[in-house]
Amino acid sequence: MKVAVIGSGGREHALVKKFHESPSVSGIVAIPGNYAMGDMAKLVPDIDLEDFGEVGKICDREEIEWVVIGPEAPLSGGMADFLERQHDLKVFGPRKLEAQLESSKAFAKDLMKKYDIPTAKYEIFTDHDDALDYVNQVGAPIVVKKDGLAAGKGVVVAQDIETARAAVRDMMADSKGHVVIEEFMEGEEFSLMVLVNGEFIYPFEVMAQDHKRAFDGDTGPNTGGMGAYAPVTHIPESLRMEAVDKIVRPMAKALVDEGLNYFGVMYLGAIVTEDGVKVIEFNARFGDPEAQVLFNLLESDLGEVLENMYHKKPFSLEWRTGCVAGVMLASQGYPGAFKKGKPVKVPETLMPRCFVSGLDRNEDGTVVTSGGRVLLVTGHGATIEEAAAAAYEGVGQIEYGTDDLFYRKDIGYRAMK
């Protein structure tokens, strides 16, 4: 089969690499891709992913059978709908209505409430003053979420009232007047990727844990993810199964009962509370950087997995032994303002362990930064400690200006306590 991977970041780099390792896959096209995918896939640079028609033409021309959509924006925009209906393609990634599970916090929370799926108590606001009154009434800590896509940065966990009020003001000015305000939940978090086709589901046996905050010790603003590791050895299997039985299966059934047909990845962001496992959020695609770490452990043929999911044919995934940790290098200033075009040198011998999120290669061969999150460096080991040490050893091989990039130095620390 020939596969097209939509997107240009680290998650898509990981997908391309996994398909490249899959015997069932005869060719890969990355739309638009990035330079680091060039030896594994045909790149289609300089394309606007909002131009679904042009994406469809490329897929027809390249005789694509499967399309895997990486980022959330094309999913919420309806790319899957268009490619399925207009070009008769198999698309792994939910259609527009189903993608609301991520693109609309309000839709997801209301669905969880209707079907009694455990999550934080919440209220949805369209009026600025009402939202501020609610914050004053409930107090802090409290969580304010933008009702819409925000590249993983549309959440503020406010430890005081002033921070919460500022978040309300910012988000209501930037999200068409909709915010979701939730109770603060305390506990251990984990990410669970689940392959879904209607009520036919396959939860990954391996959980991951990402690091959302910018700085060590889970401080600083939320980001798209500063690193991840897997498996999460200190959270027992019983809690993964609780998430599957009380959250994932009920959500898959709820979507079917609502007349929706979800096909793709359902990414559960969960938290272990005193009252059991609860939903923090759902995403409608593979996590980034969780995908880079999990695919490093996955040994199964990803092309065969897609076919099995499409036909609802039972299968099992095979996993590599050991642990993988990934450390994200980011541009100084991220997730706020940052500068692009900063030179970065990555040894060729290290590249097989790296996933490019925000690097470009100039015509003269110079590699420079092009985004907030720049590069994820992974390491494998028998334990999380060994995996993290290997990842940081790799980070130490990369050359860049000392004031150009930063990274967290405590990836995996929760598993090392």
- Considering residues that are buried (at least 23 other Cβ atoms within 10 Å of the Cβ) and within 17 Å of Leu75 (Cβ to Cβ), the number found within segment 31-52 is 1
- Query: Given (1) over 15 Å from Glu281 (Cα atoms); (2) buried (at least 22 other Cβ atoms within 10 Å of the Cβ); (3) in contact (Cβ under 8 Å) with a residue 40 or more places away in the chain; (4) of a type in the set (A, V, I, L, M), where does Leu195 come up short, assuming only one miss?
  - Reply: (2)
- Query: So which pairs qualify, if the first residue must be in segment 291-316 and in a loop (DSSP other than H, G, I, E, B), the second must be among the small types (Gly, Ala, Ser) and at pLDDT 95 or above, the Cβ gap must be under 7 Å, and the two must be at least 6 apart or on different chains?
  - Reply: Asp301/Ser22; Asp301/Ser24
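The rows are residues; the columns are (1) touching a Gly at 6+ places or on another chain (Cβ under 7 Å); (2) under 22 Å from Gly264 (Cα atoms).
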site	(1), (2)
Ile69	yes, yes
Ala80	yes, yes
Gln86	yes, yes
Lys96	yes, yes
Ala108	no, yes
Asp127	no, no
Val156	no, no
Ala173	no, no
- Count of segment 264-294 residues which are aliphatic (A, V, I, L, M) and either surrounded by fewer than 23 Cβ atoms within 10 Å (Cβ to Cβ) or over 14 Å from Ile117 (Cβ atoms) (or both): 9
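May I ask you to list the residues in segment 105-137 that are without any contact (Cβ under 8 Å) to a residue 40 or more places away in the chain and among the aliphatic types (A, V, I, L, M)? First the steps, then the outcome.
Applying the first criterion (without any contact (Cβ under 8 Å) to a residue 40 or more places away in the chain) to segment 105-137 yields 107, 110, 113, 129-130, 132-133, 136-137.
Residue satisfying the conditions is Leu132 alone.
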- Mind checking which pairs have a first residue in segment 230-258 that is more than 23 Å from Asp288 (Cα to Cα) and a second that is not β-branched (Val, Ile, Thr), Cβ under 6 Å, 6 or more apart or different chains? Pro250/Tyr115; Lys253/Glu199; Ala254/Leu111; Ala254/Tyr115; Leu255/Tyr262; Val256/Gly198; Val256/Glu199
- Entirely in segment 40-145, the helices (runs of 4 or more DSSP H) that have 2 or more residues that are among the aliphatic types (A, V, I, L, M): 52-61, 72-77, 79-87, 105-114, 128-138
- Query: What strands (runs of 3 or more DSSP E) completely inside segment 166-259 contain at least 2 residues that are of a type in the set (Val, Ile, Thr) and closer than 27 Å to Tyr407 by Cα?
  - Reply: none
- Task: Could you tell me whether segment 54-65 includes any residue that is modelled with pLDDT under 90 and either assigned by TED's automatic domain parsing to the domain that holds Asn261 or of a type in the set (Gly, Ala, Ser) (or both)?
- Result: no
- Message: I'd like to know if segment 111-125 contains one or more residues that are within 18 Å of Leu268 (Cβ to Cβ) and out of contact with any helix residue (DSSP H, G or I) (no Cβ under 9 Å at 6 or more places or on another chain).
- Response: yes
- Message: Could you check segment 366-417 and list, in sequence order, the residues that are surrounded by fewer than 16 Cβ atoms within 10 Å (Cβ to Cβ), among the acidic types (Asp, Glu) and in contact (Cβ under 8 Å) with a residue 40 or more places away in the chain?
- Response: Glu386, Glu399, Asp403
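Let's see how each residue does on (1) closer than 24 Å to Asp147 by Cα; (2) not aliphatic (A, V, I, L, M):
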| site | (1), (2) |
| --- | --- |
| Ser238 | no, yes |
| Ile247 | yes, no |
| Gly259 | yes, yes |
| Phe282 | yes, yes |
| Gln292 | no, yes |
| Phe295 | no, yes |
| Tyr310 | no, yes |
- Restricting segment 61-81 to residues that are farther than 21 Å from Gly10 by Cβ and touching a residue at least 60 places away in the same chain (Cβ under 8 Å), which is surrounded by the fewest Cβ atoms within 10 Å (Cβ to Cβ)? Glu63
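Checking the conditions here, which among Leu405, Leu317, Leu329, Leu359 is of a type outside the set (S, T, N, Q), within 21 Å of the chain's Cα centre (by Cα) and over 21 Å from Ala230 (Cα atoms)? If you could, list the steps in order and put the result at the bottom.
Values: Leu405 fails: within 21 Å of the chain's Cα centre (by Cα); Leu317 fails: over 21 Å from Ala230 (Cα atoms); Leu329 fails: over 21 Å from Ala230 (Cα atoms).
None of the other options fit; the residue is Leu359.
The values are calculated or read from the model by the stated rules, or taken from the named source; none is laboratory data. Keep in mind that this is a model prediction, so the values were computed, not measured. Here Cβ is always computed from backbone atoms with ideal geometry, including for glycine, and neighbour counts include all displayed protein chains.
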